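Coordinate-derived values only; no laboratory data. For clarity, every value in this text was computed on a predicted model and none was experimentally measured. As a convention, Cβ positions derive from the backbone with ideal geometry for all residues, glycine included, and neighbour counts pool all protein chains shown.
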Amino acid sequence: MISITKIASKSLLRKRLRSILTLLGIAISSWVLISLLGFNQGYERSLDDDIDNLGFQVLLTAKGCPYEAATLMLQGGAGLRYMPDTVIDSLRSMPEVQNLTPMLMQAVFDPMVGENGTVVAYSGVDPATFPKMKSYLQFEKGTWFSDPTATEAVIGYEAAELEQREVGDLILVPEKNVELTIVGILKRSGTQDDGTIFVPYLALQSIFEVQGKLTSVGIQVGKDVDVTAFEDKLYELPDVQVVSMAQVKSTISNLVGTARVMVMSIALIAILIAMVGVVNTILMSVFERYQEIGIMKSMGATAGHIFRLIWTETVVLCLIGGLLGAAMAYGLAAVTESLIRYLLPYSPKGSLVYIDGMLMLKSIGIIIGIGVVSGLYPAWRAARIKPIEAIKKSEGEL
Amino acid sequence: MTIISAEAIRKTYQRGTEQIHAVDSVDLSIEQGDFLSIVGASGSGKTSLLHILGCLDNPSGGRLQVDNQEVFANSKAMPEKKLTGLRSRIFGYIFQSFYLIPTLTVKENILLPYAFKTQKPDPDAIHTVAKQMGLEHRLSHLPGELSGGEMQRVAIARAIVTDPKVILADEPTGNLDSRRSAEIAEILYSLNQDYGKTIVLVTHNPELATRARRVIELKDGKIV
Amino acid sequence: MKQLLIIALCLLLTPLVAAVGCDLNDPDGDIRRLFPESTGYKTSYRSIQREGGRALLNTIENRLGDRFSGLYETIDNPYTIYDVFSGTRKIGVIHGVNQKGRTGGIQIFLALDNNGIIKKLYLQRISSRNNRLYRAESFTNQFIGLKLEDFDRWNVARATGTGKVAAIRNPVANDPDFAAIMRGIKKNLILMKHFSQ
Ligand SMILES: Nc1ncnc2c1ncn2[C@@H]1O[C@H](COP(=O)(O)OP(=O)(O)OP(=O)(O)O)[C@@H](O)[C@H]1O
Ligand SMILES: [Mg+2]
């Protein structure tokens, strides 16, 4: 019939515009909060996925070998170090190894690309084991190599698009004067693979005259293997370097960590601003209703009743704002996502902003918590109003 | 039966170094079913006295009993929490300005006291008072859509909906023209006559005062 | 701090990657080589989108006898035009296009005089193993003196022609890059006709 909650919600309709603006403030800050929390959660997940997509948990490289394409580009292949392909046999004999795939990176300067030429990298892979490990790779056109020694290439989506390459086209390996026939073009995967030219590693060995040599081996370890202990064991092999993906992940996480602290501070500031807005709005409406509150007290409202009334107003405002913000965060997740992707130095390919029911509930909980706290002061002020003062004040004014 | 009993009630205000004796040694006893009118010049202490009688304000001295409970004695007042209960149980207040809540409908405004009570309103109560105040067709309206007289009638309805023993009215017609004033006077008269409500009315309006059974006049805080 | 720098860099670099124009790698040197009597040049950027939109694209495709497709042949692809001067007198224009070849993109620059007649063909980029043969003067000189009207007699779809263009020899028998180069030249000439109006 009539309740404090009803009075509270209706009183929010008194100054509609003011309530709406306050609501918007809360909605926007909740949107920011939820998106950022979603990002925190999503980033971690897609980083995990990304690393799973590498297909192997441990990468064995020759000591001093650059394992990132970027480093390879910068050094123009000059810094390449090799290990003998006999290492594969040693690895196969280890019980921890479930699967492995040998790889050979090669890079050569192509004067024809770009303004001043650039280093083009070739990734030599084993057609028997590599596709199995990278099961997420899908073909736009064509398929894997016809033969482990074929002078053929499978290229990433971007490598194809930028040069308008099609299956059946050729790639001339500069200096070596060898033509590779494109047999497959991969679908866009959002990873480094998009720009990669894959060649059978045996073919690449003979083109670059590095027979019997590898630059790295990707290793999939068994389920129950202690990776750290296994890493130590691998170091017993001569002249190798072990890169575990857990390590890579923590490096990237650290890198992004700083950025995350920054965005979380922004969220905090947004929330503080919204909070000040809420306190201001409610306090203003308390002062405007001084007499009304006095009269309520004269008709039996206790300080507790008035406190609850004003506090409910705050919480209702925050609840609606929080829900609105949550809806915005959910609906605009794609927008937030591309924004973050644009800003981050490294972003995994999965969805960066992961918002689920649990997170929504938690966030709305936080917003309401904020409402509860912001409501305390105005509610306390209102509860202290003495009926006699409120009445005298207005009668005197008349 | 005596519902309000005041002995040597004083109210002093401090204004700078000056002491103002707004109410000065007032002895007053109000019986249940009484209709008392308080008149007097402006500043004579009518409102101050009414607020004390209605337990809205504490006296500076004297002794006050309401419904056989000690509200003020030996310079000590009843605790605020108990006072609040007493106020909502015994009194209904009507003021010169109506203090309706603009965002609530007439019906909700009338039932407002129940928002602060554990007890639920009698489902018929609203219709009874609405009929009594001639507001049956206004229940779903907002206060802004009413005339001044109607607004005061809503305020009266709100004051009586909880079935208080005593109705305190401070210049209830101060904001109304003479026709509406007469209407309100009629209502108060009927509340006393037909429903047995005790009424304490502060007014400047001699016509209104004459409807009362008893009239006291204040001058400088004293009954003359 | 480093983080901010990376973010700033990302913001700055992204727009540069988006456009796939065709510029001279060393404009000062290249223009002096293509127009020895030149004393200066002015660069301007055009796109089909801005010059005439869809209607113009249709006109161009009709005259080319083929559809535009792929990354280098979008309606908003930017084209760089170098107006070449000797003193205050304009003596010609240089314009390049990207053309899909069998071994990646081919960059085809034409130096045209004020009447739209080819003064020089310059293949800035061609990744084929036969690139020496295509860039040799024995091949490129065959184009000197030709103009758009001559190429109207070249069928890009079938890679055959009549008149003067029929006389041009493929330096590598049956190599598909020849057809690509012919198509690129025709495309270049058509674009120049519309952009110089
Ligand atoms: N809070 C206060 N502080 C100081 N003086 C006050 C205060 N309230 C009332 N007074 C003074 O007490 C005296 C009595 O005031 P009161 O309001 O009771 O008079 P009243 O009879 O109701 O007057 P009116 O007919 O104008 O309403 C006046 O002189 C007034 O100025
Ligand atoms: Mg008064």
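Taking the Cα atoms only, what angle lies between the long axis of helix A:245-288 and the longest principal axis of chain A, rounded to 10 degrees?
10 degrees
Going out from 0 in 10 Å bins, what whole percent of all Cα-Cα distances in chain C drops into each bin?
Going out from 0 Å in 10 Å bins, chain C shows 8, 34, 35, 16, 5, 2, 0 percent.
How far apart, in nm, are two points set 7 Å out from the Cα along the Cα-to-Cβ line at A:T258 and at A:L332?
Here the modelled spin labels are 2.8 nm apart.
List the lysines whose Cα lies under 27 Å from the Cα of C:K193, skipping any in the same chain that are fewer than 8 positions away.
Within the straight-line limit of under 27 Å, C:K193 reaches these lysines: C:K42, C:K90, C:K100, C:K119, C:K120, C:K147, C:K164.
Mind jotting down the distance between the C-alpha centroids of segment B:73-150 and segment A:310-337, whole Å?
Here the answer is 36 Å between Cα centres.
Over the residues of segment B:65-166, compute the C-alpha Rg and express it relative to 2.2 N^0.38 Å.
1.19
Given only helices, namely DSSP H runs of n ≥ 4 each adding -39500 (n - 2.57), what is the per-residue ellipticity at 222 nm of chain C, to the nearest 500 deg cm²/dmol?
Result for chain C: -10500 deg cm²/dmol, rounded to the nearest 500.
Mind checking which aspartates and glutamates have their C-alpha under 13 Å from A:K141, skipping anything on the same chain fewer than 8 residues away?
A:E161, A:E166, A:D169
For segment C:53-132, take every pair of Cα atoms, bin their distances at 5 Å starting from 0, and report each bin as a whole percent.
3, 13, 17, 20, 21, 15, 7, 3, 0
For segment C:149-197, take the alpha-carbon Rg, divide it by the Kirkwood Rh, and send me Rg/Rh.
1.00
Give a quick list of GluC sites (Glu not before Pro) in segment A:143-180 that DSSP marks as loop, anything other than H, G, I, E or B, with at most 12 other Cβ atoms within 10 Å.
A:E175
Read phi for every residue in segment A:117-132 and hand back ³J(HN,Hα) as whole Hz from Karplus 6.51 cos²θ - 1.76 cosθ + 1.60, θ = phi - 60°, with x for Gly and Pro.
x, 8, 8, 9, 9, 10, 10, x, 10, 9, x, 7, 10, 5, x, 5
Give me the dipole magnitude in Debye, nearest 20, for chain A about the Cα centre, with unit charges on the beta carbon: positive for Lys and Arg, negative for Asp and Glu.
The calculated dipole for chain A is roughly 3340 debye.
What length, rounded to one decimal in nm, is gained on full extension from A:L319 through to A:Y290, with 0.36 nm per residue of separation minus their alpha-carbon distance?
My answer for the length gained is 7.9 nm.
Select from A:P102, A:P378, A:P387 the residue whose mean-square fluctuation is largest in a Gaussian network model of chain A (Cα-Cα springs shorter than 10 Å).
Judging by the Gaussian network model, the answer is A:P387.
Taking R0 as 35 Å, what FRET efficiency do you get between C:N58 and A:K141 from their Cβ-Cβ distance, rounded to the nearest 0.05?
0.75
Suppose every Lys and Arg Cβ carries +1 and every Asp and Glu Cβ carries -1, with no other charges. What dipole size does the protein assembly as shown come out with about its Cα centre, to the nearest 20 debye?
The dipole magnitude comes to about 1940 debye.
Is it possible to state the helix-based mean residue ellipticity at 222 nm for chain B, with each DSSP H run of 4+ residues giving -39500 (n - 2.57), the sum divided by total residues, to the nearest 500 deg cm²/dmol? What is it?
The helix-only estimate for chain B comes to -8500 deg cm²/dmol at 222 nm.
Using only the C-alpha atoms of chain A, find the volume of their convex hull and express it per residue in Å³.
With only Cα atoms used, chain A gives 192 Å³ per residue.
Over the alpha-carbon set of the protein assembly as shown, work out the extent along each principal axis and list the three values in angstrom, largest first.
132, 74, 54
Taking amide H positions as placed 1.01 Å from N in the peptide plane, with prolines and chain starts having none, which residues 5 or more places from B:D24, or on another chain, fall under 5 Å of its amide H?
Hits under the 5 Å cutoff: B:K11, B:K222.
Can you pull the Rg over Rh of segment A:177-318, Cα-only, Kirkwood?
Rg divided by Rh gives 1.41.
From the phi angles alone, apply the Karplus equation (6.51, -1.76, 1.60; θ = phi - 60°) to segment A:164-178 and give each ³J(HN,Hα) in whole Hz, x where the residue is Gly or Pro.
The phi angles translate into 6, 8, 10, 4, x, 6, 10, 10, 8, 7, x, 6, 7, 6, 10 Hz.
What value, in deg cm²/dmol to 500, does the helix sum -39500 (n - 2.57) over DSSP H runs of n ≥ 4 give at 222 nm once divided by the residues of chain A?
So the calculated ellipticity at 222 nm is -18000 deg cm²/dmol.
For each pair in B:K131/B:K222; A:K63/A:K134; A:K15/B:K82; A:K392/B:K76, compute the distance between the two Cα atoms and list the pairs where it is over 30 Å.
B:K131/B:K222; A:K15/B:K82
Would you work out which of C:F151, B:P123, A:T314 lies farthest towards the positive end of the dipole of the protein assembly as shown? Charges go on Cβ: Lys and Arg +1, Asp and Glu -1.
Positive-end residue among those listed: B:P123.
Using only Cα atoms, find the angle between the long axis of helix A:16-53 and the longest principal axis of chain A, and express it within 0 to 90 degrees, rounded to the nearest 10.
In chain A, helix A:16-53 runs at an angle near 20 degrees to the longest axis.
Report, as a whole number in µm² per second, the diffusion coefficient that Stokes-Einstein gives for segment A:147-261 at 25 °C and 0.890 mPa s using the Kirkwood radius over alpha carbon pairs.
Stokes-Einstein gives a translational diffusion coefficient of 142 µm²/s.
With a cut-off of at most 14 other beta carbons within 10 Å, and DSSP calling the residue loop, which chymotrypsin sites (Phe, Trp or Tyr not before Pro) in segment C:104-174 qualify? Please list them.
Hits after loop and neighbour filter: nothing returned.
Calculate the translational D of chain B in whole µm² s⁻¹ from Stokes-Einstein, where the hydrodynamic radius comes from the Kirkwood formula applied to all Cα pairs, the temperature is 37 °C and the viscosity 0.692 mPa s.
Reported coefficient: 183 µm²/s.
Once you keep just the Cα pairs under 8 angstrom separated by 6 or more residues, what percentage relative contact order results for segment A:64-238?
Reported as a whole number, the value is 29 percent.
Check cross-link reach from A:K10 to the lysines: straight Cα distance under 20 Å, and skip same-chain residues fewer than eight apart.
Within the straight-line limit of under 20 Å, A:K10 reaches these lysines: A:K297, B:K107, B:K117.
Run through all the Cα pairs of segment A:64-238 and give the fraction in each 10 Å bin from 0, expressed as whole percent.
Percent of Cα pairs in each bin: 9, 37, 36, 14, 3, 0.
Angle between the Cα long axis of helix B:80-90 and the longest principal axis of chain B, 0 to 90 degrees, nearest 10?
Taking the Cα atoms of chain B, the angle to B:80-90 is about 60 degrees.
Once fully extended, how much extra length lies between A:N280 and A:D356, figured as 0.36 nm per residue of separation less the alpha-carbon to alpha-carbon distance?
24.1 nm
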